[in-house]
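J.: My structure is below; once you've seen it, I'll send some questions.
Just so it is clear, none of the values below were taken in a lab; they were calculated from the coordinates. Just so it is clear, the model here is predicted, and its values are computed rather than measured. Quick reminder, even Gly has a Cβ in these numbers, built from the backbone with ideal geometry, and neighbours come from all protein chains shown.
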Amino acid sequence: MARTLTQLPHDVALGAPRGVAPGGAPLLLQRSDGDFIDAVLDEITSTEGRARLLATRAAARTQRQVLKLFQPIQRQHHLAVLEAWCDTPGTPRLDPARVESAGLVVRRVRRAGSATEEGWMRSRGRLRGWLPVQRIGGASNDPASQLRLHSGRTGVADIDHELMQLALQREDTLLDEHVVPMFVAPPDVCKAAGKTVYYGLVPTVSGEQAETAPVFDEANTFGPESADFRHHLVQALRGEAMDFPLDGETLNPVWTEAAEIATTVRPNGLSTEHWNRLHPGGGSRSSMQRFLRLLRQLDSEFNAFAGNSAAAQALRQQLAAIALPLKLREGETVARTVNAETFLRQAVQVLVQRDEQVARPEMPVRWPALPGHQASALRLALSRALTERFAQLNLAPGRFDDAGAQYVVRAFVRLKPECGCPARIVWSEATEPFVIAPWFEGSGAPPVRIDLPDITAPGLLASLKPNVSFAVPAALQNLLGGNPKDLMEGKKPPEGGITIGWICSFSLPAITICAFIVLSIFLGLLNLIFSWLAFIKICIPYPKKGD
C-alpha cells in the first residue's frame with residue numbers, strides 16, 4: 001500500500017540554540033565555573049539566562065584573529081551546545097525519542113578557509129591518526145564503519161554478502177572516526193527552554209598517539225639540497241674544505257673541556273702548549289669548537305656510528321670513501337691518510353663520549369673539498385639518516401601535538417528508522433576554525449594559590465620535618481660533596497671518595513621556600529634581558545588575618 005505524503009519523514013535541522021546565537025553550527029562555550037554543565041542547562045531555560053549564556057561564548061582570539069580554545073590545565077572547559085528542530089512549517093522542536101544517538105567530532109583543517117578536513121581515525125585495533133575524511137566517504141558520512149557498511153544493504157542476502165566481502169577488501173572500509181557523545185538535556189529543561197538541546201564536551205587535550213610514522217619534511221622544504229639543510233651542516237658535511245685544529249697531535253679528552261668551558265685554570269692532563277692554543281682567546285679554540293660540532297652532528301643528529309640501519313650504513317660508506325690527509329712526520333716523504341669514517345668514529349669516542357679507555361687517533365690536517373657528485377651523495381646520505389633519526393625519536397605523533405593546527409567542530413544526530421525508511425544521520429555545519437592554546441599560555445582564570453610558611457613564625461623550623469626523600473647514588477654524592485667551584489666549572493670529582501649510596505630527606509615546604517627565593521633572584525637578573533617582570537609576576541598586598 002502506498003504511503004501518503006504525510007507519512008514521509010521530514011528534514012531535521014541542527015544549529016546553535018535559537019534565541020541564543022544564530023547559525024547552523026554548534027555554539028561553543030568557554031566555562032571556568034565548577035559545575036558548568038548544570039549552570040548551562042539552567043541558563044538556557046530563561047531569557048535572562050540565555051543572555052548570560054551567550055556572554056560565555058568562546059571569544060578568545062590569536063593575534064591573527066583566529067578563535068582560540070584552551071586546555072583543562074588552564075582551568076577552562078569548552079562545551080558545544082546544539083538545538084535540533086523539525087524543518088517544517090512552525091519549526092517545532094525535535095522529539096528526542098526520534099534520535100538514536102548524537103555526537104560531535106573535532107576535525108583538523110589543513111588550511112584556514114579550506115574545506116579539506118581530517119578526522120582522528122582508528123581501524124582494526126590500530127590508531128591511524130589524522131586522515132582525510134574522504135577516506136570514509138566524505139565529511140557528511142557516518143563516522144562509524146559498521147553503520148556505513150549496513151547502510152548500503154539491498155535486502156537480498158546473497159548480494160549483500162558479496163558486497164560486504166568486496167567492501168572489507170578495501171583498506172578504509174573499517175575506519176572509525178573518534179566521536180564525542182552528546183547528551184540531550186533533561187525533559188524539564190527542554191520543556192522550559194522550548195527546545196531540544198544537546199550538549200557535549202569539546203576535547204582540547206588528548207593522550208592518544210597515532211601508530212603511523214611521523215612525516216619528517218611534510219612541506220618538502222628541508223631536503224638534502226635545500227638552503228636550510230645545507231646551512232645547518234658544519235662546513236665539512238656540506239662538502240667544503242675545513243682545517244682541523246692541533247693537526248698531527250694525539251687526541252686528548254681534555255681538549256673538549258679546554259675549548260668549551262670558560263675557565264681560566266688549565267685543566268689537569270693538558271699540556272701548556274695545547275692550553276695556550278685552546279683557552280679563551282687561543283688561536284685554535286674556534287676551530288676546535290667547529291670540529292666538536294662536526295662530531296656531535298654525526299653522532300647525535302645522524303646516529304652515524306651507533307646505528308645498524310640501511311641509512312646509517314650508507315652514511316658510513318660515504319664517510320669511508322673520504323681520505324683525510326695526515327701530517328708528515330720528520331723524515332716522511334709518502335703522504336699518509338685515514339678514512340673519515342674510522343677517524344671520526346674514534347674521535348667521537350674520545351672527545352664527545354670522553355671514553356679514556358679507547359685508542360686515541362692522530363688528528364688529520366684537514367677535511368678536503370669534495371667533488372660535486374660526492375658532496376651531493378654525502379648530503380643525501382645525511383638527509384636519509386636524519387629522516388630515520390626523526391622517526392626513531394618521534395615514534396608517535398599525538399592528536400593535538402601540532403601547535404599551529406586549526407580545527408573545527410561538527411555535530412550530528414542519528415535518527416531512528418521511521419515510515420519504512422532506514423535510519424539516517426543529520427549533520428550540523430562546522431564551527432569557525434580554531435586553534436588550541438599551548439599549555440603555558442594564560443587563560444584569564446585566577447592563578448592557583450600556594451601558601452608559603454611564615455619563616456618568622458615561632459617554632460616554624462622545628463615544625464618543618466622532612467617529608468620527602470631522595471635516593472642519591474654514590475657518584476652524585478661525590479659530585480655534590482666536592483669543591484663548589486670545580487662543580488661550577490664542570491670539573492669531574494676526584495677518583496675514589498664515597499662508594500655507598502645515600503638517602504637524603506628534606507622538608508618539602510623548605511624546598512619550596514628555597515625555590516621561591518632563588519626564582520625571585522633569577523627573575524630579577526633575567527629581567528635585565530627580557531623585561532618580563534611586568535607580565536609574569538604580580539604581587540599585591542593583603543591585610544593580615546585576625547588571630
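J.: If you line up the long axis of helix 508-530 against the longest principal axis of the chain, both from Cα atoms, how many degrees apart are they, to the nearest 10?
T.: It works out to around 80 degrees.
J.: Hey, fewest Cβ within 10 Å first, where do ASP142, ASP172 land in order? Walk me through the intermediate numbers first.
T.: Numbers: ASP142 22, ASP172 16.
Least crowded to most crowded, the residues run ASP172, ASP142.
J.: If packing is taken as the average number of other Cβ atoms within 10 Å across a peptide's residues, how do 203-215, 371-383, 286-298 rank, most packed first? Walk me through the numbers on the way to the answer.
T.: Values: 203-215: 15.0, 371-383: 17.0, 286-298: 18.8.
Order by mean packing, descending: 286-298, 371-383, 203-215.
J.: For segment 246-311, report the translational diffusion coefficient in µm²/s to the nearest whole number, using Stokes-Einstein at 25 °C, 0.890 mPa s, and a Kirkwood Rh over Cα pairs.
T.: Numbers: Rh = 13.0 Å.
So the translational diffusion coefficient is about 188 µm²/s.
J.: While we're here: Quick one: PHE400, PHE183, fewest Cβ neighbours within 10 Å first, how do they rank? Could the numbers behind the result be given before it?
T.: Values: PHE400 19, PHE183 13.
By the 10 Å Cβ count, ascending: PHE183, PHE400.
J.: Where a ≥ b ≥ c are the square roots of the eigenvalues of the C-alpha gyration tensor, would you call segment 227-393 rounded, which needs a/c under 1.5, or, failing that, prolate if a/b is larger than b/c, or oblate?
T.: Numbers: a/c = 1.79, a/b = 1.41, b/c = 1.27.
Prolate.
J.: Let me ask something else. Compare the Cα positions of ALA262, ALA391, LEU523 along the charge dipole of the chain (+1 at Cβ of Lys, Arg; -1 at Cβ of Asp, Glu; about the Cα centre) and return the one farthest towards the positive end.
T.: LEU523
J.: Find how many whole Å separate the alpha carbon centroid of segment 426-479 from the alpha carbon centroid of segment 314-331.
T.: Answer, in whole Å: 53.
J.: Further, regarding this structure: What angle, in degrees between 0 and 90 and rounded to the nearest 10, separates the Cα long axis of helix 310-320 from the longest principal axis of the Cα atoms of the chain?
T.: Value to nearest ten degrees: 30.
J.: Based solely on its DSSP helices, what 222 nm [θ] is calculated for the chain when runs of n ≥ 4 H residues each add -39,500 (n - 2.57) and the sum is averaged over all residues, nearest 500 deg cm²/dmol?
T.: Details: 18 runs with 163 residues, N = 547.
-8500 deg cm²/dmol, from helical runs alone.
J.: Also, I was wondering about something else. Given the C-alpha atoms of segment 343-451, compute the convex hull and give its volume per residue in Å³.
T.: Working: hull volume 42.7 nm³, N = 109.
Cα-based convex hull of segment 343-451, divided per residue, equals 392 Å³.
J.: Could you tell me which label, among (i) 25.2; (ii) 26.2; (iii) 30.5, carries the value of Kirkwood radius over Cα pairs in Å calculated for this structure?
T.: For Kirkwood radius over Cα pairs in Å, the calculated option is (iii).
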